[in-house]
Amino acid sequence: MSESSTPFYFQPSRQSPVAILLILARLIRSLIGQFWPVLLLLLLRRRSANSSQFWVWVGIGITILSVIRSLVTYFRTRFYIHEDEFILEKGGFTRRRLSVPLDKIQTITFQQTFLHRLFNVVSVEMDTTGAKGSEISLTALDRDKATALREYLLRWKKENVNATPTDQEAAVDIVPEVELLKLDLGALLRIGLSQNHLRSAGILFGLLASFAREIQPILGKSAYKYLEEEWGLTFNFFWTFALWIIVFFLLVSVIATLALTIVRFYNLRFVQTGDGFRLEAGLFTRREQAAYLPKIQFLRWSANPLQRIWGMYNLRFYQAAGHQLRGKQTLQVPGSYPHQIAAVQAAYFPAHDQMRWKWYHPHRLYFRQRLFILGFLPLLGLILKTSTDFNWFWLIITLLWLPATAWWQWNLLLRKQYGLSEEGLWVKSGFFTQSQILLLWSNVQGLEVQQTLVEKRYEIADLTFYTASGEVEIESLPLSMVNSLRDYVLAKIEVGAEEVEKVEELRS
Amino acid sequence: MLLILIGVFLSGGVFKKQWPWIFIFSAWFLQALYFFWMARKRFFREGYAVREKDIIHTKGYWLRTQLTVPYNRVQHVEIEQGPLARAFGLGGISVYTAGDSGGDLSISGIEYKEAERIKQFIAQKVGSDE
């Protein structure tokens, strides 16, 4: 160690003393979670002086035990780095010692609940590759210490994974962080407003409709009849009533999504670090997620019409992760502007804008197949419905259905474009919500060519690219093209590895 | 299959009338026929190729798919053998890639020795990559 004072992480150190409080809080919460029926019973019961005294003593006993327990947990939890291993000692009576080689540590996540933020501490979680239960988690660590630890681990990884033992230490100075995006309240409101409210209103309405069916047996007649008879609603009045209900649901869902958006993305900070990106957000629970460049599998950004007016995009990173953390690893940055998207693209896919892209449209079969499934099949049902029990409303829908879906699907076909280049794939799609995907060939894990019987007749095929975090599909392209594209990508992956091999051989 | 059919016929008589039975059994029979026919079709469509740098698996009749997994993306390889397959000396092989991807390849109903050979081959390829 060249430094004069060794950093805290090389000697066994404890968490922040706040951890005692947090462990206690967690213990009590889990106790209440398990025994709440008993507590409820005790509260509701008519109490006699004698037994209530007994219960008070029991309560005090439990409290003392939990305090002791959290003290023990705190004092017996120690962590340090020793010979390139992260060591965590824990356990109350049986001592457990967990050691994880530093190069197995995949991601480091900080999280802050409300209590954490009161004391300016963070909980640290480290995801490791390999078996379950080898995850390291610390309840509370001072923010500065946590940051220092993370910086050390990242620096270590950079130095050792690249396998360059020479004196590179000067070069691996931490690259200054660049703040790419900070959302203020106005932007948050816009994000909340531009969410898909029709969908959430639909879900809400569906829930309530099923609820109405549930209470039908209670009222003894159908909810509709109930409205008609008890409330004296005539048919026309019912429709105005329905309109009001829809407006009401829209309003409720707008407010609900607004609130959820603010809670989730409050004070969002999106930062570019030396080797990736970091996202901090949240009102009550503040999450800090990191995306390391080598782990990003592909990028996707999308915008619905309202978001397009405001020039905002919803950006997603798809990252590779262990099996337990699957859901946590797609990172979402709502309200990104083209400037941020460009920065992310440049980091993930350097020089993508200088590359020559060849653009292709899917075959018309794509349109025909979708029109058949979404247009004609429902139309049959609609015709059946109108012819059996006639209703002006359904007649209008039946008449409009086919033109509307045809128009929609045709526009989808026109918008769908696949861009191919030497290094990667660029997909543009969507009519209402337009989205784009950028994928590097080197992230492809496997390829699948698919053909339905109809597609076979037209010599058309679909191609799916599997990555370590989901898949990207391109549809309805000529079979010959799909085959040569597959061969190209395979060659790209396979040759890439061979070149690395050769370099490795030369080095040793 | 036929034995079961006859057995059910003999022990039948839940329905008073005869026609529902005929209807049910003919539907069942047709379905069984369809399954056999499909199994045959699918059998002739299925195939695999172990190449120098990747492995290919083709299958499906209605939806024809061809999955290719390069060896340098393989995480681990597994050999499976059920009791029925053991009786016939058959086995299966699964090739797993990273992440939760659907890009895992699995071939079943090949000779056990062949599966082992493929496994050895891939393991050696994967090993030499690193």
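For the range A:336-401, with equal point scatterers placed on the C-alpha atoms only and solvent neglected, what are the log10 I(q)/I(0) values from the Debye formula at q = 0.15, 0.18, 0.23 1/Å, to two decimals? Treating every Cα as an identical point scatterer, log10 I(q)/I(0) equals -0.67, -0.76, -0.95. In the context of the full protein assembly, A:Thr109 retains an accessible surface of approximately 40 Å², using a probe radius of 1.4 Å and ignoring ligands and nucleic acids. Distance between the 7 Å Cα→Cβ label points at B:Trp21 and A:Leu41: 5.6 nm.
Hey, with R₀ at 25 Å, roughly what FRET efficiency would A:Asn160 and A:Ser137 work out to, going by the Cβ-Cβ distance, to 0.05? The value I calculate is 0.60. Label-to-label distance for A:Leu306 and B:Arg45 is 4.4 nm, based on points extended 7 Å past Cα in the beta-carbon direction. For the range A:363-411, the square roots of the Cα gyration tensor eigenvalues, ordered a ≥ b ≥ c, give a/c of at least 1.5 with a/b no greater than b/c, which places it in the oblate category.
For the range B:46-129, what does the alpha-carbon gyration tensor say about shape, rounded, prolate or oblate, given a ≥ b ≥ c as the root eigenvalues, a/c under 1.5 as rounded, and a/b over b/c as prolate? Judged from the Cα gyration tensor, the range B:46-129 comes out oblate (a/c at least 1.5, b/c at or above a/b).
Rounded to the nearest 0.05, the FRET efficiency derived from the C-beta distance between A:Leu377 and A:Ala259 at R0 = 60 Å is 0.95. Across the range A:275-285, rounded Karplus estimates of 3J(HN,Hα) from the backbone phi angles (6.51 cos²θ - 1.76 cosθ + 1.60, θ = phi - 60°) give 10, x, 9, 9, 10, 10, 6, x, 8, 8, 9 Hz, Gly and Pro being marked x. Computed on the Cα atoms alone, the convex hull of the range A:387-447 gives a volume of 127 cubic angstrom per residue. Rounded to the nearest 0.05, what FRET efficiency do A:Phe432 and A:Asp184 give with R0 = 30 Å and r taken as the Cβ-Cβ distance? Could you check? Calculated transfer efficiency: 0.65.
Does the range A:259-379 classify as rounded, prolate or oblate by the C-alpha gyration tensor (a ≥ b ≥ c root eigenvalues; a/c under 1.5 gives rounded; else a/b over b/c gives prolate, otherwise oblate)? Prolate. The ellipsoid that matches the Cα gyration tensor of the range A:438-490 has semi-axes, each √(5λ) in whole angstrom, of 21, 11, 8, with the longest given first. Site pair B:Trp28 and A:Val454 shows an inter-label distance of 3.5 nm when each label is modelled 7 Å from Cα along Cα→Cβ.
The values are calculated or read from the model by the stated rules, or taken from the named source; none is laboratory data. Treat the numbers as computed from the prediction; the structure is a model and nothing was measured. Backbone-built Cβ (ideal geometry, glycine too); neighbour counts: all protein chains shown. Protein only, heavy atoms only, side chains kept; ligands, DNA and RNA dropped before computing areas. Shrake-Rupley method; radii C 1.70, N 1.55, O 1.52, S 1.80 Å.
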